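Read through the structure below, which is laid out as structure tokens, and then see the notes.
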Amino acid sequence: MNAARIPLVAGNWKMNTTVPEGLALASELRALALPDGVEVAVLPPFTHLWPLYDALGGRFALGAQDAFWEDAGAYTGEISPASLSGWCDYVLVGHSERRHLLGETDEQVSHKLRRALTHDLRVIVAVGETLDERERGSTIDVVRRQISAAFEGVCLAELERCVVAYEPVWAIGTGHTATPEHAQEVCHVIRTLLDELDPAADGERQRILYGGSVTGENAAALFGEHDIDGGLVGGASLNPAEFFAIIVAAARSGAIT
Ligand code: 13P
């Protein structure tokens, strides 16, 4: 973490909780004494977004787990970024579960990113290699390809509304967290790539998150790395005490460095 950047902890609930369960979880989160110096976002399922907008009491940013690349039309089951704009803060695009389980391509991720950026939304762009790609030594090539494809045609002002989340697929939901050294190495490359996108870009200002089995126990070591500015948290975000420990670790990392 670098003191110039405010850490972000985003809880991706994925397809977990019913609406009543989500509201109960939100009321537990609302009771937490959030530390200063960290931004915390909650990304619940779509059905929960509107009720949580009220239930979170404005103390947490709110984010959607995806949004489509068109604003309106005959796209059954898709969610328009226009419908999220003005009250939702973040949209996540390119999550590996969408890339690998649902076949989402780099090009589709790029379309989603660019459409979301036409609205008043900040975008978390997730990238990361599979175990097979890691074992073949192509982590950096994969991340470079995903970043260049996603950000093609994105201007500097738009880039500043983006956060990149490095989530190695092999670390997601497995308990096999990347070592802080590995996560730092890849996040550093991502920062350099963001720097290269525009001659005026200042990669030092961009927030880069790590995601993949982040817990209250390993968060401080991960967030202590220079190029890691917080976390995109799955399973642990469903447990208020665990999520709180991660939030505190992020706030401390911002205060220390
Ligand atoms: P876990 O924290 O459950 O590994 O999930 C990470 C993730 O995919 C967040 O988007």
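Just so it is clear, none of the values below were taken in a lab; they were calculated from the coordinates. Note that the structure is a prediction, hence the values are computed from the model and not measured. Cβ: placed from backbone, ideal geometry, glycine included. Neighbour counts: every protein chain shown.
Per DSSP H run of at least 4 residues, take -39500 (n - 2.57); add these up for the chain, divide by its residues and hand me the 222 nm value, nearest 500 deg cm²/dmol. Can you show the working numbers first?
On the way: 11 runs with 106 residues, N = 257.
Value at 222 nm, helices only, nearest 500: -12000 deg cm²/dmol.
Of interest is the spacing of the C-alpha centroids, which for the stretch 202-236 and the stretch 1-68 amounts to 16 Å.
How much length, in nm to one decimal, is gained on full extension between Arg161 and Thr76, taken as 0.36 nm per residue of separation minus their Cα-Cα distance? Intermediate results must be reported in sequence, preceding the final value.
Values: separation 85, 0.36 × 85 = 30.60 nm, distance 2.83 nm.
Working it through step by step, the gained length comes to 27.8 nm.
Placing dummy labels 7 Å off each Cα toward the beta-carbon, the span from Leu131 to Phe46 is 3.1 nm.
By the Cα gyration tensor, the stretch 205-257 has an equivalent ellipsoid whose semi-axes, rounded to whole angstrom, run 17, 12, 8 from largest to smallest.
Could you tell me the relative contact order of the stretch 1-124? Use alpha-carbon pairs under 8 Å, at least six residues apart, and round to a whole percent. Before the final figure, lay out each step's value.
Details: 183 pairs, mean separation 26.4, N = 124.
That works out to 21 percent.
Between Asp141 and Thr18, the C-beta separation translates, for a Förster distance of 41 Å, into a calculated FRET efficiency of about 0.50. Taking the Cα centre of the chain as origin and charging only Cβ (+1 Lys, Arg; -1 Asp, Glu), how large is the dipole, in debye to the nearest 20? Charge dipole, the chain, about its Cα centre: 400 debye, nearest 20. Other residues whose C-beta falls under 11 angstrom from the C-beta of Asp71 contribute a net charge of -1, scoring Lys and Arg +1 and Asp and Glu -1. Only the Cβ atoms of Lys and Arg (+1) and of Asp and Glu (-1) were treated as charged; on that basis the dipole of the stretch 112-210 about its Cα centre amounts to roughly 360 debye. Scaling the Cα radius of gyration of the chain by the globular reference 2.2 N^0.38 Å produces a ratio of 0.93.
If Lys and Arg each add +1 and Asp and Glu each add -1, what is the summed charge of the other residues whose beta carbon sits under 13 Å from the beta carbon of Arg122?
After counting each charged neighbour, the total is -3.
For Asn12, the shell of other residues with beta-carbons less than 13 Å away shows a net charge of -1, using +1 for Lys and Arg and -1 for Asp and Glu. With semi-axes defined as the square roots of five times the eigenvalues of the C-alpha gyration tensor, the equivalent ellipsoid of the stretch 1-85 measures 25, 18, 10 Å, largest first. Loop-only chymotrypsin sites (Phe, Trp or Tyr not before Pro) in the stretch 45-128, please: DSSP not H, G, I, E or B, and at most 13 other Cβ atoms within 10 Å. In loop regions of the stretch 45-128 (DSSP not H, G, I, E or B), the sparsely surrounded chymotrypsin sites (Phe, Trp or Tyr not before Pro) are Tyr75, Trp87. With the cut-off at under 15 Å, measuring from each backbone N in the stretch 41-85 to a point 7 Å along the Cα-to-Cβ line of Asp120 picks out 62, 82-85.
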